[in-house]
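Here is the structure we will look at.
Every read-out reported here was derived from the displayed coordinates using simple, explicitly stated rules and does not represent laboratory data. Note that the structure is predicted; figures quoted are calculated from it, not measured. Heads up, the Cβs are rebuilt from the backbone with ideal geometry, glycines too, and the neighbour counts pull from every protein chain shown.
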Amino acid sequence: MKNLDFDLSELRFQGSKRRLRLASRPTAIDKLYAGKKDYGKRLDAIRDDIDDLQNMMYAHDRYGLLCIFQATDAAGKDSTIRAVIGGVNPHGIEVHSFKRPSDEELDHDFMWRTTQHLPPRGRIGIFNRSYYEEVLICKVHPEIVTQYQRVPSEHLADLDAVWAGRYEDIRALERYAHRNGIHVLKFYLHLSKEEQARRFLSRLVEPHKNWKFSEGDLEERGYWDDYRRAYEDAINETATPDSPWYVIPADDKKNMRLLVAAAIREKLASLDMHYPLIDDARREELKAFEAELRRQLGG
């Protein structure tokens, strides 16, 4: 089940007294594949393992897995999610993408719209963005909270306290999920500023990608350092052994997809799962059913 010559613990952050610094984490590493064909073979092998393990998880019906994807624009969240789950039984996967909150969502607590989509036992849930937006984009643009979110004014006097409270709530939610058998993996796709510029440029010069470009992309790029600080804070405040963050080098999309897939496979393989056990009486019943079907087939 290896397929990759890479130690995933180098990317995993479970919390530490020593603060994680994104500047010290690579956005690119040596290629994990020899070429396009080799990449495809490696990814297919990992996805096959994920599919097998998810089928066992579904049959075992005790665990669920939530995978959260966060990143700056153009890091490749959508394509990575498609690549990683492309070969997995759709019955065992639930994907949710979270955009700007609706009026109904703003009338609820800040995690309401995401918690109702936590995966049930036996399934893998994918969040393309998540409740972490509430300590990322909201922290970079606090007017979202103070002007548009319907938080009582008495709770907004100290914004540092707002963020601290939200980190606390997120940690509590992830502890709660884990205690109920829903494991949480969080992926930060770590893209360099230079590679983001190249990807934005490709959206402008390649006609079939024009639809992906928005003027807001360049505006948000001006907050690059603010977003990096917000991501650092979120990762440091919410990383735990039970709900770790993976800081995935994202400048090479193929490497990124292989690493994400391998981390998901590793997590599934670590769960104490098995197919339902069958006692002797049931085994005899199954033999009788088998005999009847063979008789009907003339065997």
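Highest mean first, the peptides 102-112, 44-54 sorted by other C-beta atoms within 10 Å per residue fall in the order 44-54, 102-112. In order along region 290-297, the Karplus-derived 3J(HN,Hα) couplings, from 6.51 cos²θ - 1.76 cosθ + 1.60 at θ = phi - 60°, round to 4, 4, 5, 5, 5, 4, 5, 8 Hz, and Gly and Pro are given as x. Measuring r between the beta carbons of Lys31 and Ser202 and using R0 = 25 Å, the FRET efficiency lands at 0.80. Residues whose amide H falls under 5 Å from that of Ile126, counting only those 5 or more places apart or on a different chain, are Cys67, Glu94, Val95, His96, with hydrogens built in the peptide plane.
Distance distribution note for the chain: the fraction of Cα pairs above 30 angstrom is 39%.
Length gained on full extension, Glu168 to Ser24: 49.3 nm, using 0.36 nm per residue less the C-alpha separation. Measuring nothing but how far apart in sequence close Cα pairs (under 8 Å, 6+ apart) lie, relative to its length, the chain scores a relative contact order of 33 percent.
Here the simple spin-label model places points 7 Å from the Cα toward Cβ, and for Lys41 and Glu215 these points are separated by 5.0 nm. Peptides 244-254, 159-169 ranked from most to least packed by the mean count of surrounding Cβ atoms within 10 Å: 244-254, 159-169. Think of it as helices only: each DSSP H run of n ≥ 4 in the chain is worth -39500 (n - 2.57), and spread over all residues that comes to -14500 deg cm²/dmol at 222 nm.
For region 139-156, 3J(HN,Hα) computed residue by residue from phi via the Karplus equation (6.51, -1.76, 1.60; θ = phi - 60°) reads 6, 6, 10, x, 4, 4, 7, 6, 10, 10, 7, 8, 8, x, 4, 5, 9, 10 Hz, glycine and proline entered as x.
Computed from backbone phi, the HN-Hα couplings of region 57-63 come to 4, 5, 5, 5, 6, 10, 10 Hz, rounded to whole numbers (Karplus: 6.51 cos²θ - 1.76 cosθ + 1.60, θ = phi - 60°; Gly and Pro given as x).
Label-to-label distance, Lys193 versus Ser153, with points set 7 angstrom from Cα along the beta-carbon direction: 3.8 nm. Largest first and in whole Å, the equivalent-ellipsoid semi-axes of region 1-110 read 27, 23, 17, each the square root of five times a Cα gyration tensor eigenvalue.
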